[in-house]
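**Student:** Once you've had a glance at the structure underneath, I'll fire off some questions.
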Amino acid sequence: MAQNDWHEKHFETSTFGQRLSDKIAGGMGSWSFIIWQTIIVLIWMTLNIIGITNHWDPYPFILLNLIFSTQAAYAAPIIMMSQNRQSQRDRIQADNDYNTNVEAKKEIEALQLHVSKLETEKLDKIIKMLEELKVN
């Protein structure tokens, strides 16, 4: 099994909704999202504080709080779905790593046996040569 096969297989078996939740969670967990959201909030607050005639959301910005609550209500489950998928990916990777380690251990043990056999054969040849020298 190649290095990235587990990731490709996991991605191919995911549904559109699962891939979408991963992308949304990735976007919401980025600095660009935080920066853009901060800019929008500052503009919102500034326009509502200095607006002379049209205050669509006057201080204490109840509409803005409602928008944030709605955003949080949808963001939390989407992020949790993405985290669940990440833990599934981690389990698949851990299983793959474990299987690779087991195979490597078997190969190392086989090599150790082969090296031990070679050492034994060499020692037998050396002993035989010494015995022949002793007889001569």
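Please treat every number below as a calculation from the coordinates, not as lab data. Computed from a predicted structure; not experimentally measured. As a convention, Cβ positions derive from the backbone with ideal geometry for all residues, glycine included, and neighbour counts pool all protein chains shown.
**Student:** So between Ser32 and Met129, what do we pick up on full extension, going 0.36 nm a residue minus the alpha carbon distance?
**Tutor:** Numbers: separation 97, 0.36 × 97 = 34.92 nm, distance 7.68 nm.
Once the chain is fully extended between Ser32 and Met129, it gains 27.2 nm.
**Student:** Under 1.5 on a/c is rounded, so check that first for the chain, then, if it is not, pick prolate when a/b is larger than b/c and oblate when it is not; a ≥ b ≥ c are the square roots of the alpha carbon gyration tensor eigenvalues.
**Tutor:** Prolate, because a/c is 1.5 or more and a/b exceeds b/c.
**Student:** Helix 62-135: angle to the longest alpha-carbon principal axis of the chain, degrees 0 to 90, nearest 10?
**Tutor:** 10
**Student:** Now for a separate question. Could you size up the charge dipole of the chain around its Cα centre, putting +1 on the beta carbon of Lys and Arg and -1 on that of Asp and Glu, and report it in debye to the nearest 20? Display every interim value, and only then the final one.
**Tutor:** Values: 13 positive and 16 negative charges, 40 e Å.
So the magnitude is around 200 debye.
**Student:** With springs connecting C-alpha atoms under 10 Å apart, model the chain as a Gaussian network and identify which of Ala72, Ala94, Ala110 has the largest mean-square fluctuation.
**Tutor:** Of Ala72, Ala94, Ala110, the most mobile in the Gaussian network model is Ala110.
**Student:** Here's another thing I want to ask about it. Among Ile50, Leu123, Gln86, whose Cα projects farthest towards the positive end of the dipole of the chain, with charges put on the beta-carbon of Lys, Arg (+1) and Asp, Glu (-1)?
**Tutor:** Going by the charge dipole, the pick is Ile50.
**Student:** How far, in degrees from 0 to 90, does helix 31-50 lean away from the longest principal axis of the Cα atoms of the chain, to the nearest 10?
**Tutor:** 10
**Student:** Along Cα→Cβ, 7 Å out, is where each label goes; now give me the distance between the ones at Tyr59 and Ala76 in nm to one decimal.
**Tutor:** My value for the distance between the label points is 3.0 nm.
**Student:** Tell me the angle of helix 16-28 to the major Cα principal axis of the chain, expressed in degrees between 0 and 90 and rounded to the nearest ten.
**Tutor:** 70
**Student:** Which of Thr120, Thr15, Thr100 moves most in a GNM of the chain, Cα contacts under 10 Å?
**Tutor:** For the chain, modelled as a Gaussian network with Cα springs under 10 Å, the answer is Thr120.
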